[in-house]
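First comes the structure, then the notes that go with it.
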Amino acid sequence: DCGIGINQLNEPTDVIVDKNSTSLIICDNGNRRIVRWSLENPEDREIIIEDINCWGLTMNENGDLSVSDRDNQAVKRWRKGTIVAGGHGRGNKLNQLYNPVFIFIDREDTLYITDSDNHHVIKWRKDAKEGIVVADGKESNQFKHPVGLSFDAENNLYVVDQSNNRIQLFEVDRN
C-alpha cells in the first residue's frame, strides 16, 4: 500500500540489489527518500537518505551508491553526499544537468546519465568537471525525454525515448 511507513512506498522510481548487504535499495520518490530493505530479514528496513528528489540509483563494484538528485540537478555519490556530476544549477552546459533521471555506472566509475530535459545521455568520467554527450536528441530524429538506459555486451546503448514511445539504439565509444 502507498504510504509513509518504513514498510510502504509512494511512487518508487528505481530499485537495485545491494549484493554486499543482501538488500534492495529503493528510490521512494513520492516520500523523498531512499530506503534499504533486507532480503533476508523483512523486519530490517531503514531510511538511508532523506529529503531527496531521487529518480535513479546505481552502485559500483566497491558498493558505492550513486543517486540522481533532481532538486540539485546533480548525481551524488552517497556516503558523504559528494557531487560527482552536475551540481552547477539547471542548464545545458556540459557541467550542468537538467532533470537527471536514470544512471548507469561502469567498471571505470564512468557514469552515464539520462539528462531528460536536455534530451540527451551524457557520459561523466570519474573526477571529471564536465560530461560528454553520447546520445543527443538533435542528432537522433526527435529524441525527447530519455529516461531508462542499458548497455548490451557489445557496448550498444539502448535508451528509453519516453516522449516518442520507443527504444533507441546508439553506438557508444566507452573509452
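The values are calculated or read from the model by the stated rules, or taken from the named source; none is laboratory data. Bear in mind that the values here come from a model prediction, so they are computed numbers and not experimental data. Every residue, glycine among them, receives a Cβ derived from its backbone with ideal geometry; neighbour counts consider all protein chains shown. Each accessible area value is taken on the protein alone, full model and side chains, heavy atoms only, with ligands, DNA and RNA left out. Shrake-Rupley method; radii C 1.70, N 1.55, O 1.52, S 1.80 Å.
Summary of values
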{"read-out": "Reachable aspartates and glutamates, given that their alpha-carbon falls under 17 Å from the alpha-carbon of K144 and they are not under 8 places away in the same chain", "value": "D115, D117, D136, D161"}
{"read-out": "Computed lengthening from V17 to N156, 0.36 nm per intervening residue step minus Cα-Cα distance", "value": "47.7 nm"}
{"read-out": "Ellipsoid equivalent to region 1-82 - semi-axes via the Cα gyration tensor, in Å", "value": "19, 17, 9"}
{"read-out": "Estimated dipole of region 31-152 in Debye, rounded to 20 [Cβ of Lys and Arg +1, of Asp and Glu -1, Cα centre]", "value": "420"}
{"read-out": "Unsatisfied cross-links (Cα-Cα over 26 Å) in the set K19/K126; K19/K76; K19/K93", "value": "K19/K93"}
{"read-out": "Portion, in percent, of the accessible area of region 22-80 that falls on carbon or sulfur, probe 1.4 Å", "value": "37"}
{"read-out": "Charge dipole of the chain about the Cα centre (unit charges at C-beta), most positive-ward option of V160, L57, V75", "value": "V75"}
{"read-out": "Cα gyration tensor category, rounded, prolate or oblate, for region 37-137 with a/c compared to 1.5", "value": "prolate"}
{"read-out": "Estimated Rh, the chain: Kirkwood, alpha-carbon pairs, angstrom", "value": "16.4"}
{"read-out": "Region 1-135, relative contact order [Cα under 8 Å, separation at least 6], %", "value": "13"}
{"read-out": "Surface per residue (accessible, 1.4 Å probe) for the chain, Å²", "value": "54"}
